[in-house]
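Since the structure comes first, as structure tokens, the remarks are kept for the end.
Every number in this text was worked out from the coordinates using simple rules, so none of it is lab data. Computed from a prediction, not measured in an experiment: that's the story for all the values here. Here the Cβ is made from the backbone with ideal geometry for all residues, glycine too, and neighbour counts use every protein chain on show.
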Amino acid sequence: MDETANIALIRRWFDEVWDKGREQAIDEMYAADGKAWGIGATFVEGPEAFKQFHRLFCATLSDIRVEIHDLIDAGDRVAMRCTFHMTHNASGKQIVMRGGGIGHVKDGKITEAWNAFDFLGVLTQLGALSEDAFVKVLQGSEEP
């Protein structure tokens, strides 16, 4: 089965923006009024805000490789599930981040992305949180 244009766009996004680290690809594929949810309130709206997030992410983590598990086209939306493999620059630790999301595509650009990645797991892998931090917080413990 042939790949749809929307799936090709999302595949290209992960390849160029993340695997190859091409910041200029953000301007090529991300709408001027694009919004990215789930990566922090500071980085939500527009290519420039997303580039700030990208710079911070790539300055902290290197050797980024995205393994795409699923891409599902649903009209003007693409659902995806993937795993990021990367190196934390300060510690040299190998980090794995799993997640997914839904992207809205219009006129060949990403206009909105709802991201759901395991940032808590990344913090745990880096030693910033204990493995049971989430449970401790739910139980009302002072120290996660």
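How about the stretch 1-81: which trypsin sites (Lys or Arg not before Pro) there are in a DSSP loop, with at most 16 other Cβ atoms within 10 Å of their Cβ? Present the calculation step by step, with values, prior to reporting the outcome.
Numbers: sites: Arg11, Arg12, Lys20, Arg22, Lys35, Lys51, Arg55, Arg65, Arg77, Arg81; in loops: Lys20, Arg22.
When the trypsin sites (Lys or Arg not before Pro) of the stretch 1-81 are filtered for loop state and at most 16 Cβ neighbours within 10 Å, Lys20, Arg22 remain.
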### For the stretch 126-135, Karplus couplings with θ = phi - 60° (6.51, -1.76, 1.60), whole Hz, Gly/Pro x
7, x, 6, 9, 6, 4, 9, 4, 4, 5
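Please label the shape of the stretch 58-143 as rounded, prolate or oblate, based on the square roots a ≥ b ≥ c of the eigenvalues of the alpha-carbon gyration tensor (a/c under 1.5 means rounded; beyond that, a/b larger than b/c means prolate, else oblate).
Working: a/c = 2.82, a/b = 1.59, b/c = 1.77.
Since a/c reaches 1.5 but b/c is at least a/b, the shape of the stretch 58-143 is classed as oblate.
Return the Rg/Rh ratio of the stretch 47-91 with Cα-based radii and a Kirkwood Rh.
Numbers: Rg = 13.6 Å, Rh = 12.4 Å.
Across the stretch 47-91, the Cα-based Rg/Rh ratio is 1.10.
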### In sequence order, calculated HN-Hα J values of the stretch 105-111 (Karplus, 6.51, -1.76, 1.60; Hz; x Gly/Pro)
10, 9, 6, x, 10, 6, 9
### Query
About its Cα centre, how strong a charge dipole does the stretch 58-125 have in debye, to the nearest 20, once Lys and Arg get +1 and Asp and Glu get -1 at the Cβ?
160
### Message
Here are labelled values, (i) 16.1, 53; (ii) 13.2, 37; (iii) 14.0, 42, and one is the computed Rg and Dmax of the Cα atoms in Å for what I pasted. Which one?
### Response
(i)
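Suppose every Lys and Arg Cβ carries +1 and every Asp and Glu Cβ carries -1, with no other charges. What dipole size does the chain come out with about its Cα centre, to the nearest 20 debye?
Details: 15 positive and 23 negative charges, 37 e Å.
Computed about the Cα centre, the dipole is about 180 debye.
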### Task
Sum -39500 (n - 2.57) across every DSSP H segment of at least 4 residues in the chain, then divide by the residue count to get the 222 nm mean residue ellipticity, nearest 500.
-8000 deg cm²/dmol
